[in-house]
Amino acid sequence: MSSEKQGGINPLEQFVLLAKSAKGAAAVELVKQALEAPGVYVFGELLDMPNIQELSTGPSAPYLNLMNVFAYGTCKEYEENKDSLPQLTPPMLTKLRHLTIVSLATKSKCIPYPVLLTELKLKNLRELEDLIIEVIYADIIHGKLDQKNQQLEVDSAIGRDIRPEQVGEIITVLQDWCDSCDSVLRGVDAQITKANVSKDTNVKMQQRIEQEVANIKKTLKSTQQVPDTDESMPPDSREQVEMPPSKKSSKTKGLRGSGGKFWKSSS
């Protein structure tokens, strides 16, 4: 794990503090120490110190240029300007290779071994895999070796210093990202509004249906309470109304007629 995470402080901070008073040869020595120090992988704050910037106008300018390579460049860039730069010590070379892997990881999440061998100026896979394992254990990158496919799979990596001329590009990218976020938020707000309107409509419809059901129940209940003329009459009364004329009364009428004739013939 990097010393920054172990100690909880920025490992570059001590060099920044020393740079406030270091001048000339002392500043050059401070640059060398910073380039070799474990856990120091960003140099922007140190580069901005006035005493370090003063190296650009004297015979120690190559050391300032070397620090710029470590801040922004790669092994390939160092090789291209090797003649005008100080020679790298073994710790410096190792660190520059670490930083080169970080730069490659920002461009591709799967880095083939042949690319790594070329960019890092290594001769065999054993050296390459040992270096990658070292980088992973130092928490410089998170990833794994894919020996079957001969590539390095990167999940994430530390950040590097930003060149001043790249600030505008970064601002543009961030602005585009902010605009995209605003667009997404507007879309979400529109969906929320649509969902709320739909909810209100459904609630009103449900209330209307419930009211109609209640009205129907009330109407049915009122209809059942109205008395029916036929059904309200007692059963006996209906039988009496529907009963046919009695046979006894017809027989009585016959007797009366025959009785009249009987008394007439006797006179």
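Let me check something: with ligands and nucleic acids excluded, how do ARG126, ARG160 order by accessible area (1.4 Å probe), largest to smallest?
ARG126, ARG160
Grab the Cα-Cα distance for SER183 and GLU165, subtract it from 0.36 nm times how many residues apart they are, and report the gain in nm with one decimal.
3.6 nm
Which whole number in µm²/s is D for segment 130-200 by Stokes-Einstein, with the Kirkwood Rh taken over Cα pairs at 25 °C and 0.890 mPa s?
Stokes-Einstein gives a translational diffusion coefficient of 148 µm²/s.
Just subtract the alpha-carbon distance of ALA138 and LYS218 from 0.36 nm times their residue separation and send over the number in nm, one decimal.
Gain on extension, ALA138 to LYS218, equals 20.8 nm.
Carbon and sulfur together cover what percent of the accessible area of segment 1-109 at a 1.4 Å probe radius?
C and S atoms contribute 53 percent here.
For segment 1-139, I need the span (max minus min coordinate) of the C-alpha atoms along each principal axis, in Å, sorted largest to smallest.
44, 38, 24
I need the Debye-formula profile for segment 69-208: one equal scatterer per C-alpha, no solvent, reported as log10 I(q)/I(0) at q = 0.13, 0.21 1/Å, two decimals.
-0.70, -1.24
The values are calculated or read from the model by the stated rules, or taken from the named source; none is laboratory data. It should be emphasised that the depicted structure is a prediction, and the values quoted were computed from it without experimental measurement. In case anyone asks, the SASA skips ligands and DNA or RNA and just uses the protein heavy atoms, side chains included. Shrake-Rupley method; radii C 1.70, N 1.55, O 1.52, S 1.80 Å.
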